[in-house]
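Peer 1: Shown below is the structure under consideration.
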Amino acid sequence: RQAQEGSCSISGSITPVAPAGECRRFSLASHLPVFTRSPATFLNPTHLQSSAPKHAQRPQETNDTEMKAPLIAILLFSLLFLSGCLAADKDGDGDGDGDKSGGSAASNSSSADSCSAKLSISPAQLIPFSTSSLRCYTAWSSRDFVLLYKEEGPSLWSFVLSAPDSNAYISVGFSPSGNMVGSSAVAGWIGSNGGPGKAKKYYLGGTTSDKCPPDQGALQLVNNSAVIVSQSSRLYLAFQLNTTQPLSRLIYAVGPQGKLPGSDNILPVHQDMVSTTVDYTTGQASINGGSETLKTTHGVLAMAGWGVLMPIGMLVARYFKHWDPLWFYTHISLQGLGFGLGLAGVVTGFSLEEKVGKNVDTHKALGILVLVLGSLQVMAFLARPGKSSKVRKFWNWYHYYVGRAAVALGIANIFYGLSLADEEKSWSIGYGVYLGVWFLVCLVLEILMCMRNK
């Protein structure tokens, strides 16, 4: 090139553009020393690693090691916790009819009626009709309920329900659909301190005591036939119906121990119940719907989704953003799976509502609220603005606080649901231990993050 163009060429060097008449010697070797080395040295990755400042690598390696351990620990603990819940539930299912035996049923197993033995009540006049030649079947095995029945005539049927005396009422309902609501039932109990017993019919119009009024319902009881007697630690609820064919879907319930109806004869909410179907011709019966299995499925799905996976996903989003983009994909995977399991838990909850026979309005309302908040999070993710957007910070605030509210309400509803289900305390204790570990991990990671930022 010509000197008047503002540059000059000198052998063995490169001179950049300069003002006219001025040439400066520019050594490429002095500015890019790596190119002065041999090709073998340049292509050696060991050299590339050693040429980087060592003091800049060590803090990141240390932080990564410190941050990986708590995440791996909480993931492993979560898997162990869920496995333990499923194993405990499998062990507790027992005979598969889906109720909690234990308590009074276990303590009175020695006095259980056998369908091969005769019903022997002395004196005989305690029951106002003949109890001979009654057919018999085990109605609710884990609660030791036995039903005896007989067609006495074209429009007359006799029934005797035998169950352990646990200082609670017992009842049998006749249902057109297999559900508690809409059924008519006969319930009986022995007064406190061995006082006189009462047997009455009820219409089960809802899941609360005030919706189950006494002396109402579709059952046509024979006058003065409904009685209840106690003998040898067992209750015998006897009654006769005027009907050509009793309904085949029967619902059995036992009241809370030590809580008997008052002078108004209003029944307290039952402690446990089961729905069955009986063939009066063969005496064969089956459990309807697997309500206890459905209840367990509902609890495990909701706990795993709202109460286990989503808190872990929230933890990942707060403390592992330096693992970009791994933290993002882990976060959305955990939250997406948690939302799916939580949604399935809500669906099973709706299916379970009519089968549990309890007032679950508050629990249902909280579950729907959590589902709504979770759905808002999904929609917010789909409408996420770019990082350079002016509204991004407002979106972040919304995402943070709606997500935290959903997780907090979900955890609270899990504990409330466990109390409604009358589950053993081990479930609540186990889940509480999990939350305690999760909180400690969050505390440790928060401290490490503050130290790293400083």
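The values are calculated or read from the model by the stated rules, or taken from the named source; none is laboratory data. Remember, predicted model here, so these are calculated numbers, not experimental data. Every residue, glycine as well, gets a Cβ built from its backbone with ideal geometry; the counts of neighbours run over all protein chains shown. Each accessible area value is taken on the protein alone, full model and side chains, heavy atoms only, with ligands, DNA and RNA left out. Shrake-Rupley method; radii C 1.70, N 1.55, O 1.52, S 1.80 Å.
Peer 1: It is to be established whether one or more residues within segment 324-341 are open to solvent by 40 Å² or more (accessible area, probe 1.4 Å), farther than 28 Å from K387 by Cα and not hydroxyl-bearing (S, T, Y).
Peer 2: Within segment 324-341, one or more residues are open to solvent by 40 Å² or more (accessible area, probe 1.4 Å), farther than 28 Å from K387 by Cα and not hydroxyl-bearing (S, T, Y).
Peer 1: If we keep just the residues of segment 260-285 that are crowded, with 18+ Cβ neighbours inside 10 Å and β-branched (V, I, T), which is nearest to A187 (Cα to Cα)?
Peer 2: Among residues in segment 260-285 that are crowded, with 18+ Cβ neighbours inside 10 Å and β-branched (V, I, T), the one nearest to A187 (Cα to Cα) is V274.
Peer 1: Out of the residues in segment 120-142 meeting the condition of being out of contact with any Cys (no Cβ under 8 Å at 6 or more places or on another chain) and open to solvent by less than 20 Å² (accessible area, probe 1.4 Å), tell me which one is modelled with the lowest pLDDT.
Peer 2: Applying the filter and picking the extreme gives S142.
Peer 1: Could you check segment 227-250 and list, in sequence order, the residues that are open to solvent by 30 Å² or more (accessible area, probe 1.4 Å) and touching a residue at least 40 places away in the same chain (Cβ under 8 Å)?
Peer 2: Within segment 227-250, V227, S230, Q231, S232, S233, N242, T243, T244, L247, R249 meet the criteria.
Peer 1: A further question on this structure: All but one of (1) open to solvent by 60 Å² or more (accessible area, probe 1.4 Å); (2) assigned to a helix (DSSP H, G or I); (3) modelled with pLDDT under 90 hold for R404, so report the exception by its number.
Peer 2: (3) is the only condition that R404 fails.
Peer 1: Out of curiosity, is F415 in contact with a Phe, Trp or Tyr (Cβ under 6 Å, 6 or more places away or on another chain), surrounded by 14 or more Cβ atoms within 10 Å (Cβ to Cβ) and not assigned by the TED database to the domain that holds M180?
Peer 2: no
Okay, residues lined up against (1) more than 31 Å from the chain's Cα centre (by Cα); (2) modelled with pLDDT of 90 or more; (3) among the charged types (D, E, K, R):
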| residue | (1), (2), (3) |
| --- | --- |
| C212 | no, yes, no |
| L219 | yes, yes, no |
| S232 | yes, no, no |
| L235 | yes, yes, no |
| P246 | yes, yes, no |
| P256 | no, yes, no |
| D272 | no, no, yes |
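Peer 1: If you don't mind, another one. Just need a number here: residues in segment 357-374 that are open to solvent by 40 Å² or more (accessible area, probe 1.4 Å) and either part of a loop (DSSP other than H, G, I, E, B) or of a type outside the set (D, E, K, R) (or both).
Peer 2: Qualifying residue count for the region: 7.
Peer 1: If S183 satisfies every condition in (1) over 22 Å from P128 (Cα atoms); (2) among the hydroxyl-bearing types (S, T, Y); (3) open to solvent by 40 Å² or more (accessible area, probe 1.4 Å) but one, which is the exception?
Peer 2: Every condition holds for S183 apart from (3).
Peer 1: Inspect all residues belonging to segment 329-339 and state whether any of them is closer than 30 Å to C212 by Cα, of a type in the set (S, T, Y) and not assigned by the TED database to the domain that holds V274.
Peer 2: no
Peer 1: Can you work out which of the residues in segment 149-174 that are among the small types (G, A, S) and in a loop (DSSP other than H, G, I, E, B) is surrounded by the fewest Cβ atoms within 10 Å (Cβ to Cβ)?
Peer 2: Once the filter is applied, the top-ranked residue is S155.
Peer 1: While we're looking at this one, here's another question. Of the conditions (1) closer than 30 Å to D210 by Cα; (2) under 14 Å from the mean Cα position of the chain (by Cα), N359 clears all except one; give me its number.
Peer 2: (2)
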